[in-house]
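**Student:** Sending over a structure as structure tokens; questions will come in a sec.
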Amino acid sequence: LMIARTPHQQPASCVLTKVLQALDHAWHDRFARAGRPLRISDVADVPRVAGSGAVLRHALDVLVDNALVHGAGETRIEHSVGATTVTISLTDSGPGFGGQAAREPQPAAPHNFGLPLARRLIATMPGRLEIVQRGPHPQIDVTLTLAGDADP
């Protein structure tokens, strides 16, 4: 929470490949124990992005945890590289977002703080989090700036 509340982070960059590999390592067995697959696209040559790897990892952990707890079926994490950005897309086969969780970050109850927290963390990278598909089969996109490029 402290990271999300800090308005300005020190300029940094992180190796997205390492962040996604660590995410896979941390969550693969948890999904397997729940009888659900977690698929992360090939991350061999993903470029560096602006921002803190620790902040990004925390935000992605929140999103993956939400997918495990509230989603269903396979959870996929894929990425696409644009001219100045990288977009990480997280999807699952669940019913999607409902009520307050799908709206802008204004949690009504303690259990609705995950998505607003992830959004605030991503904003510090700098980046943006967008709910592309509210559900069923929800999709969240996290768009980050390539290291050395202008803010998104």
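**Student:** Given (1) at pLDDT below 95; (2) part of a helix (DSSP H, G or I), identify the lone condition not met by ASP45.
**Tutor:** (2)
**Student:** What is the residue count in region 125-144 for residues that are at pLDDT 90 or above and open to solvent by less than 30 Å² (accessible area, probe 1.4 Å)?
**Tutor:** Result for region 125-144: 9.
**Student:** Would you pick out the residues in region 9-42 that are within 14 Å of ILE88 (Cα to Cα) and part of a strand (DSSP E or B)?
**Tutor:** Within region 9-42, VAL15, ARG39, ILE40 qualify.
**Student:** To continue, here is another question. Name the residue, out of LEU90, LEU38, LEU60, LEU56, that is touching a Phe, Trp or Tyr at 6+ places or on another chain (Cβ under 7 Å) and open to solvent by less than 40 Å² (accessible area, probe 1.4 Å).
**Tutor:** LEU38 is the lone residue from the list that is touching a Phe, Trp or Tyr at 6+ places or on another chain (Cβ under 7 Å) and open to solvent by less than 40 Å² (accessible area, probe 1.4 Å).
**Student:** Something else now. Would you point out the residue of region 48-88, among those that are of a type in the set (S, T, N, Q) and under 21 Å from PRO136 (Cβ atoms), that is modelled with the lowest pLDDT?
**Tutor:** Here the answer is ASN66.
**Student:** Which residues, counting only those in region 75-86, are open to solvent by 60 Å² or more (accessible area, probe 1.4 Å) and more than 17 Å from ALA44 (Cα to Cα)?
**Tutor:** Scanning region 75-86 gives ALA83, THR84.
**Student:** Return yes when ALA147 is touching a Pro at 6+ places or on another chain (Cβ under 8 Å), at pLDDT below 95 and aliphatic (A, V, I, L, M) and no when it is not.
**Tutor:** yes
The values are calculated or read from the model by the stated rules, or taken from the named source; none is laboratory data. None of the values given here were measured: they were computed from a predicted structure. Heads up, the Cβs are rebuilt from the backbone with ideal geometry, glycines too, and the neighbour counts pull from every protein chain shown. All accessible areas refer to the heavy atoms of the entire protein, side chains included, with ligands and DNA or RNA removed. Shrake-Rupley method; radii C 1.70, N 1.55, O 1.52, S 1.80 Å.
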